[in-house]
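Take a look at the structure below.
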Amino acid sequence: MNKVKKNDTVYVLAGRDKGKTGRVFMVFPEKDRALVEGINYVKRHTRKTQADQQGGIIQKESPIHISNVALFCKTCKKPASVGINILADGTKSRYCKRCSEAI
């Protein structure tokens, strides 16, 4: 089970954006990467085309590896080590190992 999902708030552990937090837009499980809002910006040079009348340099987010992010616990206000509980009805839930709160 992948511990990072869409709409999670994550904390960046490594890279040039280390220490920042952001919301996950999309997860690519086959590549172990996640697209995080405001993190890992790259500049893309685009040519002016019929569909895109505005050419030039566009700044957009690039996927970051899942090992470089950690779920952010709102109660601890710190990056969380995540554990998985299996509830009585058979569903799985994630929790913070530091404060035992459900994420």
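FYI, it's all coordinate maths here, none of it is from the lab. Bear in mind that the values here come from a model prediction, so they are computed numbers and not experimental data. Cβ coordinates were reconstructed from backbone atoms using ideal geometry, including for glycine residues, and neighbour counts include every protein chain displayed.
Do you know the relative contact order of the chain, to the nearest whole percent, from alpha carbon pairs under 8 angstrom that are 6+ apart? Relative contact order for the chain comes out at 21 percent. Here the chain has an Rg and Dmax of 17.0, 57 Å, counting Cα atoms alone.
Highest GNM mean-square fluctuation among L87, L35, L71, for the chain modelled with Cα contacts below 10 Å: L87. For the chain, modelled as a GNM whose springs connect Cα atoms under 10 angstrom apart, the maximal fluctuation among R47, R16, R33 occurs at R47. Ranking of H65, H45 by neighbouring Cβ atoms within 10 Å, starting from the fewest: H45, H65. Among K78, K20, K43, which one shows the biggest mean-square fluctuation in a GNM of the chain, springs joining Cα atoms closer than 10 Å? Maximum fluctuation in the GNM of the chain, among the listed residues, is at K43.
Site pair S93 and K48 shows an inter-label distance of 5.7 nm when each label is modelled 7 Å from Cα along Cα→Cβ. Other residues whose C-beta falls under 14 angstrom from the C-beta of K97 contribute a net charge of +3, scoring Lys and Arg +1 and Asp and Glu -1.
Extension gain for the segment H65 to N85, taken as residue separation times 0.36 nm less the Cα-Cα distance, is 4.7 nm to one decimal.
Counting only cysteine Cβ atoms and a cutoff under 4.7 Å, the chain contains unmatched residues C99.
Converting phi to 3J(HN,Hα) with the Karplus coefficients 6.51, -1.76 and 1.60 and the offset θ = phi - 60°, the stretch 98-103 yields 6, 10, 6, 8, 5, 9 Hz in sequence order, with x at every glycine or proline.
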